[in-house]
Amino acid sequence: MVIEFGEWRLVPADGLNWELCHRHETADTTSARRSGTVGDVKWHRTGRFYQYGTIGNALRYAADVELKNGCHGRVMEIEDAIH
């Protein structure tokens, strides 16, 4: 089961934890150049993990990032997911 909201998704990492992922263009890095994926839009792991009882914190984190980036429409999608 995956929980998806806007450009964000929570993916089960193990039996107790979820990892927050974000969909965006792949940055120009050495490994991306080698694999030919520079500029591809795909899901990227954030390294942020949440337990079942803290999934609301993941949504709040994503909303905060979107607000800082000026993406108010995406924040509304996340608020809908919270409700």
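Summary of values
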item	result
Those residues of the stretch 22-32 which are open to solvent by less than 50 Å² (accessible area, probe 1.4 Å) and not polar (S, T, N, Q), in sequence order	His22, Ala32
Residues that are more than 9 Å from Tyr50 (Cα to Cα) and at pLDDT 95 or above, drawn from the stretch 14-23	Cys21
Pick from the stretch 58-74, criterion open to solvent by less than 80 Å² (accessible area, probe 1.4 Å) and of a type in the set (D, E, K, R), ranking: nearest to Glu4 (Cα to Cα)	Glu66
Test: residue in the stretch 38-48 that is touching a strand residue (DSSP E or B) at 6+ places or on another chain (Cβ under 6 Å), closer than 26 Å to Leu67 by Cα, aliphatic (A, V, I, L, M) and open to solvent by less than 60 Å² (accessible area, probe 1.4 Å)	no
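Conditions tested, residue by residue: (1) under 21 Å from Arg74 (Cα atoms); (2) open to solvent by less than 70 Å² (accessible area, probe 1.4 Å); (3) without any contact (Cβ under 8 Å) to a residue 60 or more places away in the chain.
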position	(1), (2), (3)
Val2	yes, no, yes
Val11	yes, yes, yes
Leu20	yes, yes, yes
Arg34	no, no, yes
Gly56	yes, yes, yes
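The values are calculated or read from the model by the stated rules, or taken from the named source; none is laboratory data. Computed from a prediction, not measured in an experiment: that's the story for all the values here. Cβ coordinates were reconstructed from backbone atoms using ideal geometry, including for glycine residues, and neighbour counts include every protein chain displayed. What goes into the accessible areas is simple: the full protein's heavy atoms, side chains included, and nothing from ligands, DNA or RNA. Shrake-Rupley method; radii C 1.70, N 1.55, O 1.52, S 1.80 Å.
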